[in-house]
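Working notes, structure below.
The values are calculated or read from the model by the stated rules, or taken from the named source; none is laboratory data. The structure displayed is predicted, hence computed values, not measured ones. Every residue, glycine as well, gets a Cβ built from its backbone with ideal geometry; the counts of neighbours run over all protein chains shown. Heavy atoms of the whole protein, side chains included, go into the accessibility calculation; ligands, DNA and RNA do not. Shrake-Rupley method; radii C 1.70, N 1.55, O 1.52, S 1.80 Å.
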Amino acid sequence: MDSQVEQTPHEKHVFPPSPEFRDAAVAGPDLYAAASTDRVGFWADQARELLHWHTPFSRTLDWTNPPVAKWFDDGELNVAYNCLDRHVESGNGERIALYWEGEPGDSRAITYAELTADVKRAANVLTELGVEAGDRVAIYLPMIPEAIVAMLAVARLGAAHSVVFGGFSADSLRARIDDAGAKLVITADGGWRKGKVSALKPAVDAALEPRGDLPAQDTVTNVLVVRRGENEVGWVEGRDIWWHDAMAAAEPEHQPLAFPAENPLFILYTSGTTGKPKGILHTSGGYLTQVAFTHRNVFDLRPESDVYWCTADVGWVTGHSYVAYGPLANGATQVLYEGTPDTPHSGRWWEIIEKYRVTILYTAPTAIRSFMKLGRQIPERFDLSSLRLLGSVGEPINPEAWLWYRHVIGADRTPIVDTWWQTETGAIMISALPGVTEAKPGSAQVPLPGISVDVVDDAGTSVGQGDGLLVVTEPWPSMLRGIWGDEERFRETYWSTFGDRYFAGDGARIDEDGDIWLLGRVDDVMNVSGHRLSTAEIESALVAHHFTAEAAVVGASDDTTGQAVVAFVIIKESQKADAEATDVAAELRSHVAKQIGAIARPRDIYVVAELPKTRSGKIMRRLLRDLAEGREIGDTTTLADTQVMRIIGDKVVR
Ligand code: PRX
């Protein structure tokens, strides 16, 4: 690590914006003033200014039936028209929308006019396949331009997409297709990852076949397949269609219809505290307003000159809001990169920044920490002087990583915005405004104009200054509208703790300046490399293996990934002989990868004889976390068997 940065005393550092940055900044202090005078009216102004409404709205917010909010609900718009056609109509058709960089080094520059033409054709393809407003389409694609085209084509028809991250297994994909009742799946033969083609189509085939106790999937009628990896794929005649054939045969023109502001735009599955992922539902007008507003003001966007790059995959919410919808609604030029940061060499990201003269970079602390480990000599080989703003998302960024990011990547010039939000919030909620706020390393800082948050104690009383739980106190335009098919869970998870205040599930601290520091999840949700994983989901994958009698999973702190999955398992008596002859940890790790996806694979697996439980049988994860992190074991007085931790500690076998 960088000694110069390490020696810097950090927590007290603040970085005021430079006068030049402040004078030219897109956002000004007037935004806070306007929002505090009339919060709801402020959002109405933003919606009118940033979007095109086919039918203007007259009602801004209906919160008469909490927790279900309606924003701009008598207005109508077409989300894809807002992201595409209107930019072409206003004379920006020749502006580059996407600089796409394939992992093997192939590339494409796609203008707004070309992207619009592709989406029109794709909308006609989907219509031919029977997709209508209100339907759901599953998208399981690598980071290729067709992923964006597919999302926007679905949106153009008023249907809803459910993008499933390409790293998820066939089982996870099946569960998501079933839950949403998708009519169509859009996938690719494969995509490039780590120097080779990683197949996707076989997982779709497997997901649609009978699996375990499940019969063949019966809502999907077609599978559209983009050719990318050129790997051999199986083919189901009558069901499977090549994307390029369908696109070539499709009509080029397509008139976008207007849909109500509250029409569903997408469902995105995220991990909760049970084994079943939650299908977070977002709708159109409010979501697009807040993603466009935040993308413009938090990233100080100048669409005519900036080259913006968000490194997130479209399979996560960051890829929805800050690769697909926010940048395109604002007519931005952006980079889209297919592969991993270290292929074919560990300077690949910096090379891309140099090549496209990227001005705004938005990434996750995990990535920054892994670059820190590799050393500054790698980015220093490239010309990063085009960068003028850096962003961070997904997990708390430690001050050391923040300072390194600013010093080594931002040449001590660039503002950094640490943005707190969630799949459920749809868009950024807490962040500095560049050019306005003094940046404080490690703190996400202040709610954005129009957003009201608080930090409260267990009883819901504001802590003023100190530690507590983060709540959002007023409805916001891009808030989730529900959990797909499970209203009860929606109410229970987010609204049962503090009434009509939204409970985010994060611990937070308010410091003496009123700045907010995020302290991590307070539930059984882990954050690994900025990705949410549920302890319960991994536990149920582990106990589905014939070796396992019981399993407990915890998120232990990890220098690079923030948290890492650590599992404690008890082997069934009847399986002990077999297990002893096997590399149990390797076997269970690959089993979890197969069941859920490689991202859920435990870093460590400990085979133990007992698990620490309370008298009521609840596993005491806190103690396991102590053990996993190599700490002194905490208070064990509520354990049913107070000896158990000593036994586990002595007998831990990795
Ligand atoms: O714990 C918070 C953490 O990520 C969670 C949301 O995860 P997800 O829905 O997958 O969305 C990630 C991308 C928006 C939050 O509950 N989190 C997100 N951003 C930050 C953060 N923790 C600290 N600081 C952040 N900037």
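Is there any pair linking a residue in the stretch 355-368 that is within 15 Å of D558 (Cα to Cα) to one that is away from the ligand (no atom under 15 Å from the Cβ) and at pLDDT 95 or above, with Cβ under 9 Å and at least six apart or on different chains, and which? From the stretch 355-368, the pairs are A367/P341; A367/W349; I368/W404; I368/I409. Tallying residues that are open to solvent by 60 Å² or more (accessible area, probe 1.4 Å), modelled with pLDDT of 90 or more and not in a helix (DSSP H, G or I) within the stretch 1-34 yields 3.
From the list V358, V314, the lone residue that is more than 15 Å from the ligand (Cβ to nearest atom), open to solvent by less than 20 Å² (accessible area, probe 1.4 Å) and assigned to a loop (DSSP other than H, G, I, E, B) is V358. Taking the stated definitions as given, is H52 of a type outside the set (K, R) and touching a residue at least 40 places away in the same chain (Cβ under 8 Å)? In short, no. Determine whether G499 is of a type outside the set (A, V, I, L, M), away from the ligand (no atom under 16 Å from the Cβ) and at positive phi. Yes; evaluated as a whole, the condition is true for this residue.
The selection criterion, being under 27 Å from the mean Cα position of the chain (by Cα) and not hydrophobic (A, V, I, L, M, F, W, C), does not hold for H54.
Selection over the stretch 292-305 of residues that are part of a loop (DSSP other than H, G, I, E, B), open to solvent by less than 10 Å² (accessible area, probe 1.4 Å) and more than 16 Å from the ligand (Cβ to nearest atom) gives a count of 2.
Each residue in the stretch 368-394 was checked for being within 16 Å of the ligand (Cβ to nearest atom) and open to solvent by 20 Å² or more (accessible area, probe 1.4 Å), and 2 of them qualify.
For beta carbons closer than 8 Å, sequence separation of 6+ or different chains, a first residue in the stretch 443-456 that is farther than 13 Å from L519 by Cα and a second that is within 13 Å of the ligand (Cβ to nearest atom) and among the acidic types (D, E), the qualifying pairs are V446/D515. Quick check, is G442 in contact with a Phe, Trp or Tyr (Cβ under 9 Å, 6 or more places away or on another chain), open to solvent by 20 Å² or more (accessible area, probe 1.4 Å) and within 13 Å of the ligand (Cβ to nearest atom)? No; evaluated as a whole, the condition is false for this residue.
Residues in the stretch 457-468: is at least one within 15 Å of the ligand (Cβ to nearest atom) and open to solvent by 30 Å² or more (accessible area, probe 1.4 Å)? Checked against the condition, which is being within 15 Å of the ligand (Cβ to nearest atom) and open to solvent by 30 Å² or more (accessible area, probe 1.4 Å), the stretch 457-468 yields at least one hit. Of D523, D454, D513, all but one fail to be away from the ligand (no atom under 12 Å from the Cβ), under 21 Å from G426 (Cα atoms) and either of a type outside the set (A, V, I, L, M) or modelled with pLDDT under 95 (or both); the exception is D454. Put simply, of E103, E94 the only residue that is touching a Gly at 6+ places or on another chain (Cβ under 6 Å), in a loop (DSSP other than H, G, I, E, B) and assigned by TED's automatic domain parsing to the domain that holds R121 is E103.
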